[in-house]
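Report on one structure; see the data block that follows.
Just so it is clear, none of the values below were taken in a lab; they were calculated from the coordinates. All values reported here derive from a predicted model rather than from experimental measurement. Reconstructed Cβ throughout: ideal geometry from the backbone, glycine too, with neighbour counts over all protein chains shown.
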């Protein structure tokens with residue numbers, strides 16, 4: 001830019017001209033209303049030569065690129081920092097905005113990392129406002145990324161805070177294991193991890209590249225939170241609404257974040 005600032009440019013390219021316009025206005029209409037250290041920062045926008053969003057550059061790229069493509073593997077301290085930062089950003093979207101926002105596509109490639117490895121949630125292309133009087137959205141087509149979508153989405157097309165929370169749990173498992181949400185054979189990371197967690201074999205979850213270089217108490221904390229996010233008892237209980245679900249997650253997350261939140 002003219003002031004020497006280096007930025008990232010997102011250009012919308014998918015769909016018809018009408019679809020791109022609708023998607024662009026929808027994403028822009030959401031991201032201009034968010035302001036949090038753990039959310040990608042919008043610098044500006046431009047419609048000359050296409051539809052562009054101008055974002056503050058995250059020098060370390062995406063979590064996915066560092067977990068799965070970089071030669072140097074992420075340390076446990078950075079992984080834990082990403083886990084807590086993403087939780088802060090997600091809590092802000094669900095509870096801290098003027099209106100609740102459901103991101104709908106929380107995944108490793110949508111978590112950007114600043115120079116100091118602060119996590120920033122990005123890509124609001126699928127995000128939706130959720131009015132106070134609504135408990136959820138119901139969608140007729142699959143939106144999001146396989147491996148991060150909860151069972152209730154496939155069964156009922158329901159989108160609410162639990163959709164993001166489930167995806168966050170998958171993200172935690174990726175940080176812990178170094179494995180992708182779906183492997184090359186389309187096997188689910190959640191389904192692989194569940195029996196190990198149930199049998200309390202959590203050390204078998206740890207990314208081998210870390211060896212024993214991790215904090216056991218922090219590991220146990222993140223594994224427990226991940227197990228809450230996919231709890232079938234909670235996901236299938238219609239009386240256990242999104243607010244109660246989030247409060248339970250946040251109650252345990254308080255220890256991770258080192259902050260107090262209202263329940």
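Descending by average beta-carbon neighbour count within 10 Å, the peptides 94-102, 21-29 line up as 94-102, 21-29, the highest first. Taking label positions 7 Å along the Cα-Cβ direction at both residue 68 and residue 199, the computed distance is 2.7 nm, reported to one decimal. The length gained on full extension between residue 186 and residue 32, counted as 0.36 nm times the residue separation minus their Cα-Cα distance, comes to 51.9 nm.
The alpha-carbon positions of the stretch 7-56 define a convex hull whose volume is 73 Å³ per residue.
Comparing Cα centroids, the stretch 17-70 and the stretch 162-202 end up 27 angstrom apart.
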